[in-house]
Amino acid sequence: MTDAPALLSLDDVAKTYPGGRPVLQGVTMRVAPGETVALTGESGSGKSTLLNLAGALDAADAGEIVVDGVSLSGLDDAGRARMRRERVALVFQQFNLIPSMDVAQNLAFHARLAGREDRAWTDEIAGRLGLRDHMGAYPEQLSGGQQQRVAIGRAMAARPRLLLADEPTGNLDETASEAVLDLMLGLVRDSGAGLLLVTHSMAIARRLDRHLHLSRGRLAPVPAPEST
Amino acid sequence: MRRAILAALWSHWRRHPVQLLTLLVGLALATGLWSAVQAINAEARASYARAEAQMGGAGLAELHAPSGVIPLATYVALRRAGWQVSPVLEGPLRHGGRVFTVMGVDLLTHPPLPAIAESGADIAPVEALGAPGRLFARPGDAAALAGRDGLPPVVATEAVPPGLILTDIGAAEAVLGRPGEVSRLLVLPEQPLGRAPLNEVAPDLVEVAPEGRADTARLTDSFHLNLTAFGFLSFAVGLFIVHGTVGLALEQRRGMIRTLRALGAPLGTITRLVAAELLALALIGGLAGLALGFLLAGLLLPDVSATLRGLYGAPVEGGLSLRPGWVASGLAMAVAGTLAASAASLGRLARMPLLAGAGSRAWSLRPRGWRMMAGAGLVLIGGGVGAIALFDGLVAGFVFLGGLLMGGALLLPPALALVLRLAAGRARGLVAQWVWADMRAQLPGISLALMALLLALAANIGVGTMVSSFRLTFVGWLDQRLVSEVYVTARDDAQGVAVAAWLETRADAVLPIRSAEIRYAGAPLFVYGIVDHPTYSENWPLLDALPGVWDRVVAGDGILINEQLARREGITPGEEIVLAPDWRMEVVGVYSDYGNPTGQAITALDVLLRHVDGVPNQRFGVRVPPDRATALAQDLRAAFDLPPRAVVQQAGVKAQSLAIFDKTFVVTGALNVLTLGVAGFAILTSLLTLWTQRLPQIAPVWALGLTRARLARLELLRSVALAAMTAVLALPLGLVLAWALLAVINVEAFGWRLPMHLFPLDWLRLFALAIIAALIAAALPARRLGRLPPAQMLGVFANER
């Protein structure tokens, strides 16, 4: 962990879903600027819920979450939307591109939404992600790996302070997975943003600066390699 | 931010142009059919208003004599007593097979007449007032009158309503051959104080306030309301397309909207922008609809004008003008309709949780949803029945029809779901089970289109049964009413006497057709006088009568009235009516009189002549053996140099009457066909828009071994089966609609009740049409499916992974 002030901090965060089942209990963690953190855990351990809370997609029941100095607990729906628009970017397992927009439009979309479109930067990202030859293509015409590269490009083009990625390579084969991860890590490190990445893969987790593990809604020691 | 969101929302339409086109066409059709009817109504009403305004005197009270004729002495007495009144003499003028209305006014005392002031003719007052005077008529009418002997010079002017000849009262007396007569007196606005009351000066006259007069606008109100109801039905059917397309578009964009929100677009902004987008599309579709409506109204207006002239003698000109109010109301309807059709979808969008699944929800209607739909349908039907049970009048009738149709439409999907569930339970074989189950799964997506089809079919059956029942009754009634073999019209009374004398030895019987127009209960009443002859007692169509009805009529001891008058005034046989202060008669029977908007009565000729002076004696019905009718007609024409139209045989009159009848329902028929067309289009658009959702359902079955060709055939079969089931369910709904039209709407709108006849062959034809419409609608998606490359089927699995 670096000594810089945390970009993302969770203090004693808890979340219970309707029906009374606790999903997260007493989670405290930090992500510093420029730091890449992997979050692993078995299915149902609360990884995606934690990511939703950090990304201002959902509200915690207890504890405090601060993103880039702003406490999420004091924000209404509009404030959360602004947070997602201006400081955070999300990359999903299902890509979640806009199917009726082409690659160029998808890439620039989040930045346009945030009101800070930078064509040169978007163009550079497209080049680094190998998408320049596909700028006029629609998502349905791309492979899964290409679609995820567009999703990463869309997130990075918005120059977020914090990137949250939920199983970004979960739908990709091993080769594509490696390539996408390389590109994402390269862009994150160059931009100075923080990254919290949810994954099932220990191999991916090992490539990041820090590795956290969730078990039954609580942070737990990272399992030994042979147990995964 | 808004621009980025709008760009994302708009990109959906760019990638789905057929869906966009469907939405716009649905809107255009809905607005087009509605605004066409509105344009026709507005044009007709403007014609009535123009006619009234051109004639001056609008809004003034009038003095009427129950006998229809005010003696000159009474007019003079009123003037001497200080009454500021202006006389008007009206009467028909037959010329060249047409009947013109001559309206003679006192040009010196009558309120300003725009019809003459705006005629553009440079006529000195002395020329219009002094002999022979001037006649003012529309250019077409003026041309028709040209060459007729004995008429003053005719001035052509656009400022006079069609079919009317306006002139000074002196000239009118000469033209009509009614010197010293006055039809009515206008009570001028400026009256002296302390004038003698009317019952002292002229106790025979009654004062009729302007709102009490049965003017053209009021007479035709029911006709326009009927047209409006049809327009609204078409509008509703068109909105089904809009509802379906908007709903599907929003369902397809759920994933996109969730992504937009995840990226930071606020839900409120998205909802407002979707509403704004729909508003813009509503305006575009509405404008296209207005263009379509204007075109359609232009095509239909001549027939409507003919109908209004034939039914009510209402003056409607052929031209159509673009009115700002019409444009505004058409656009308002398009916008209101779009918002109403989209309200549920927009509501779902506004409440959509951020973390919910992106999958389609529109097609996941559960049994509880069906039950709620059925409940709502039953409530609507119950409301309609309640309206007609508790209230009288045309509006209650239409509330009943609306409740019945909308309730029936809402009951359709639950009924189909039930039928499909029963069928699936009895299906043998895997493919059959899958087909039934798949139909059930597809039902929520296509149910709106099927509801539109149900409405169109029910309207077709209902209106078709009404019109055919009406026609059948009308034909039977014509057979009863038009019994004489030959009908003759003499040029004048003198010739009438000569014709009757000539026929005396050549015909079995000569039946005079003599009538006079009087006022009864503030409206015109035509009283006919008949002679004693079995032709009447054997044939005349009586609906209700006292014993010995014909003996009493010919003895001058009773009077028959038509159904319209009986219903309007609530008169039943046995009651007495007062036709003039000294003319009271007991009503001894009621007869059917279809197609006539005014009151009519029949009594003995002697009685009529005793109470009304100057009853024309020009028309006769002639009884001869049918094989001698043609020869007699030819001899009559030759003997009196009568034009062909003056001597007509029974068959000719019937053909003419039926032609007028058929023309009356041309507009109804056109709207019927258009509504069915819109419903067919709704099915096509539903199937096309469902296409993208069908692939994931079909691909696994294809992978399991069913060929694309077989799947395509099953696709066709499925649509046909659903349309056939809808058509079967539309039949009872259509028959109830027909009953309501015949027993409720017709009685309220026209004053007559018709017996209901059933026409199973028409149902079969309509059933076949519905099947053909479904086949055509399903053909395109089925063809696509049959030719779909396997790679695209496989793509479904790739996308799902």
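On a C-alpha basis, how far is the centre of the stretch A:184-208 from the centre of the stretch B:456-522 in Å? Whole number, if you could?
So the two Cα centres are separated by 96 Å.
Using the Cα centre of the stretch B:486-623 as the reference point, and only Cβ charges (+1 on K/R, -1 on D/E), how large is the resulting charge dipole? Debye, rounded to the nearest 20. Display every interim value, and only then the final one.
On the way: 11 positive and 19 negative charges, 75 e Å.
That gives a dipole near 360 debye.
With only alpha-carbon atoms in the gyration tensor, what are the semi-axes of the equivalent ellipsoid for the stretch B:418-486, in Å, largest first?
Details: eigenvalues 482, 41, 10 Å².
Over the Cα atoms of the stretch B:418-486, the ellipsoid semi-axes are 49, 14, 7 Å.
Expressed in nm to one decimal, what extension gain is obtained for the pair B:Leu658 and B:Arg784 from 0.36 nm per residue of sequence separation less their Cα-Cα distance? Working shown, then result.
On the way: separation 126, 0.36 × 126 = 45.36 nm, distance 4.86 nm.
Going from the current span to full extension adds 40.5 nm.
Peptide A:106-115: average number of partner chain Cβ atoms within 10 Å per residue? Please list the in-between numbers first.
Details: counts 3, 0, 2, 9, 7, 1, 6, 11, 4, 3.
Mean partner shielding for this stretch: 5.
As a test, work out the antiparallel percent of DSSP beta bridges whose residues both lie in the stretch B:486-623, rounded to the nearest 5. Write out the running numbers ahead of the final one.
Working: 25 of 35 bridges.
In the stretch B:486-623, DSSP labels about 70 percent of beta bridges as antiparallel.
Calculate the length of the line joining the C-alpha centroid of the stretch B:572-649 to that of the stretch B:10-42, in whole Å.
53 Å
May I ask you to order B:715-724, B:265-274 by the average number of other C-beta atoms within 10 Å around their residues, highest value first?
Numbers: B:715-724: 21.1, B:265-274: 19.0.
Those peptides, ordered most packed to least, come out B:715-724, B:265-274.
Put +1 on the Cβ of each Lys and Arg and -1 on the Cβ of each Asp and Glu in the protein assembly as shown; which of A:Leu72, B:Met256, B:Gly425 then has its Cα farthest toward the positive end of the dipole?
Going by the charge dipole, the pick is A:Leu72.
Over the stretch A:111-198, what is the relative contact order in whole percent, taking alpha-carbon pairs under 8 Å and six or more residues apart?
Numbers: 76 pairs, mean separation 28.3, N = 88.
Relative contact order for the stretch A:111-198 comes out at 32 percent.
List B:His533, B:His611 from most exposed to least, where exposure is judged by having the fewest other Cβ atoms within 10 Å.
Fewest-to-most ranking of B:His533, B:His611: B:His533, B:His611.
State to the nearest 20 debye the size of the charge dipole of the stretch A:48-134 about its Cα centre, where the only charges are +1 on K and R beta carbons and -1 on D and E beta carbons. Write down the numbers at each step before the final one.
Numbers: 10 positive and 13 negative charges, 39 e Å.
Using only the charged Cβ atoms, the result is roughly 180 debye.
What's the center-to-center distance, using Cα atoms, between the stretch B:728-797 and the stretch B:388-403 in Å?
The distance from the Cα centre of the stretch B:728-797 to that of the stretch B:388-403 comes to 25 Å.
By count of other Cβ within 10 Å, fewest leading, how are B:Met451, B:Met1 ordered?
Details: B:Met451 26, B:Met1 16.
The most exposed by this proxy come first: B:Met1, B:Met451.
Could you state the per residue volume, in Å³, of the convex hull enclosing the Cα atoms of the stretch B:566-666?
On the way: hull volume 16.5 nm³, N = 101.
Per-residue hull volume (Cα only) is 164 Å³.
For the residue pair A:Gln94 and A:Arg216, what label-to-label distance in nm results when each label sits 7 Å from Cα along the Cα-to-beta-carbon direction?
Here the answer is 3.0 nm between the modelled labels.
Reported to two decimal places, what Rg/Rh ratio describes the stretch B:486-623 when computed on Cα atoms with Rh from the Kirkwood expression? Present the calculation step by step, with values, prior to reporting the outcome.
Values: Rg = 14.9 Å, Rh = 15.5 Å.
For the stretch B:486-623, the value is 0.96.
Compute the length gained on full extension between B:Ala291 and B:Asp532: take 0.36 nm times their separation in residues and subtract their Cα-Cα distance, giving the result in nm to one decimal.
On the way: separation 241, 0.36 × 241 = 86.76 nm, distance 5.93 nm.
Between B:Ala291 and B:Asp532, full extension yields an extra 80.8 nm.
Which whole number in µm²/s is D for the protein assembly as shown by Stokes-Einstein, with the Kirkwood Rh taken over Cα pairs at 37 °C and 0.692 mPa s? List each step's numbers first, then the result.
Details: Rh = 35.1 Å.
Translational D for this selection: 93 µm²/s.
For the modelled label position 7 Å from the Cα of B:Ala501 along Cα-to-Cβ, which residues of the stretch B:624-661 have backbone nitrogen atoms closer than 20 Å?
Within reach of a label on B:Ala501: B:635-642.
Calculate the dipole size of the protein assembly as shown relative to its Cα centre from +1 charges on Lys and Arg beta carbons and -1 charges on Asp and Glu beta carbons; express the result in debye to the nearest 20.
In total the dipole reaches around 4780 debye.
Output the antiparallel fraction of DSSP beta bridges having both residues in the stretch A:159-226, as a percent to the nearest 5. Mind showing how you got there, number by number?
Values: 3 of 8 bridges.
About 40 percent, rounded to the nearest 5.
Which FRET efficiency value, to the nearest 0.05, is calculated for A:Tyr17 and A:Val70 with the Förster distance at 25 angstrom and r the Cβ-Cβ distance?
0.50
Quote to one decimal, in nm, the extra length available between B:Gln84 and B:Arg323 on full extension: 0.36 nm per residue of separation minus the C-alpha distance between them. Write down the numbers at each step before the final one.
Values: separation 239, 0.36 × 239 = 86.04 nm, distance 3.85 nm.
Gain in length upon complete extension: 82.2 nm.
Among B:Gln38, B:Met352, A:Ala111, which residue has its Cα furthest toward the positive end of the charge dipole of the protein assembly as shown, with +1 on Lys/Arg Cβ and -1 on Asp/Glu Cβ?
A:Ala111
What is the packing order of peptides A:56-62, B:651-657, taking the mean over residues of other C-beta atoms within 10 Å and listing the highest first? Don't skip to the end; give the middle numbers.
Values: A:56-62: 18.3, B:651-657: 14.9.
The packing order, highest mean first, is A:56-62, B:651-657.
Where a number appears in this text, it was derived from the coordinates with a stated rule and is not lab data. On a predicted model such as this, the values are computed, not experimentally measured, just so you know. Note that we place each Cβ from the backbone using ideal geometry, even for glycine, and neighbour counts take in every protein chain shown.
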